[in-house]
Each structure stands twice: as structure tokens, then as C-alpha cells.
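Worksheet: one structure, shown below.
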Amino acid sequence: MPPYGAGTDRHAAGGGHGGLLNVIGIEATCRQGQPPPGAVSEVVEIGLAVVDLVARERVERHRIVVRPARSRVSAFCTELTGVTQAEADAGMSFADACDALVREHGAAVRPWASWGDYDRHQFVRQCAGDEVPYPFGRPAERTHTNAKAVFTATAVRQYVKLLNRNEHGATHGNPCPVTVP
């Protein structure tokens, strides 16, 4: 049994996102060195936090364990992610996990974010490879927020301001190699 709320989130999106954001973090099979023939990187865990954008707080937390179909959880992967092969074996199929994201967590209508673009790319790749409908709406790149890019841009602006530079990259009339997006 997962350590925190699996199943339907209490704030399910019944046709709209209702000011909520799904924040997703995945773990996928991995190994040191080359994978065995036929093995591919596959999602083995989907961590999901539902954030109320108005209240600016997490209102739900879920964990979906996914059973890989074409790869195994290596010892390296377990060390890195904490997910074991036994846990993954007891998980649901990737297709069922994607369906659960849509049915139980409003993924088709609710905006979503992850730290970086890896999670989005992994879902796109694996959905295409497994012929599973992409759960997050279309187009994939417009429904996803890369939180790393957002926070990096904000951090750069703050850093530039700390250096007493304006947002056009100049400091007291001197050229500055830093440009702010």
C-alpha cells in the first residue's frame, strides 16, 4: 500500500480545473551503463500533488506505482528512486495509470507542472510507444509548465536585481553579459 493517498483526489476536476494545478514527478527505470536489448526507460512511479492556486497550498498528495512492461527495476534504479522491482510488479499498467490520471485527477482538463521537461517528454515517448492516449490534453507542450524554467527565470531576475542591474542587462550604464528572459 502506498505511504500516502492513492485513489481519487477529493478535488477532482469535473469539467474544469477549478483553480487547481497537478504537480507531477515521475520515476522511471534506469541503470548504469547500457540497458539490455529491448529494455527502455519506463515510468514506475507517478507522484502527484494537487495545488490550490488561489490558496497557494497543496491540498492532495498521491502516489501511483506503475508496472514496467519492457524493462526491470535495477539495483541502481532502486538506490536512486527507492522503487523496488517487487513494488513495481504490484503496480498498475501504464495504460491504467494514465487512465487514473484522467478519471481520478482531472489530468485532461487540469493544468500540470513538473520540475523540468523530462516528465513531459517521458509521458509523450511512453504514450506513443505503448499506444496509450496522452492523459494531459493537447498539445503536450502547451498544457505543461516547466517549473524549473519558471523558477530559474525568476531567480535570474532576482540575482540581476541584487547586483543592482536593471532587467535589460545594464548596470549603471555598463554593458552586462546577463540577459533576463
Next on the checklist: Nearest 5 percent is fine: what portion of the DSSP beta bridges confined to the range 20-145 is antiparallel?
Outcome noted: 75 percent
Item to check | Per-residue ³J(HN,Hα) for the range 117-130, Karplus 6.51 cos²θ - 1.76 cosθ + 1.60, θ = phi - 60°, Hz, x for Gly and Pro | outcome: 9, 4, 4, 4, 4, 5, 5, 4, 4, 5, 4, 5, x, 9
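Apply 1/(1 + (r/R0)^6) to the Cβ-Cβ distance of Asp89 and Thr152, taking R0 = 41 Å, and write down the FRET efficiency to the nearest 0.05.
On the way: r = 37 Å, r/R0 = 0.91.
Efficiency, rounded to the nearest 0.05: 0.65.
By how many nm would the segment from Ala108 to Arg142 grow when fully extended, if each residue of separation counts as 0.36 nm and the alpha-carbon distance is taken off? It would help to have the intermediate numbers written out before the result.
Details: separation 34, 0.36 × 34 = 12.24 nm, distance 1.24 nm.
The span from Ala108 to Arg142 would gain 11.0 nm if fully extended.
The numbers here are math on the coordinates, done by the rules we state, and not lab data. Since the model is a prediction, treat every value here as computed from it, not as a measurement. With ideal geometry, Cβ positions are generated from the backbone for all residues, glycine too; neighbour counts draw on all protein chains shown.
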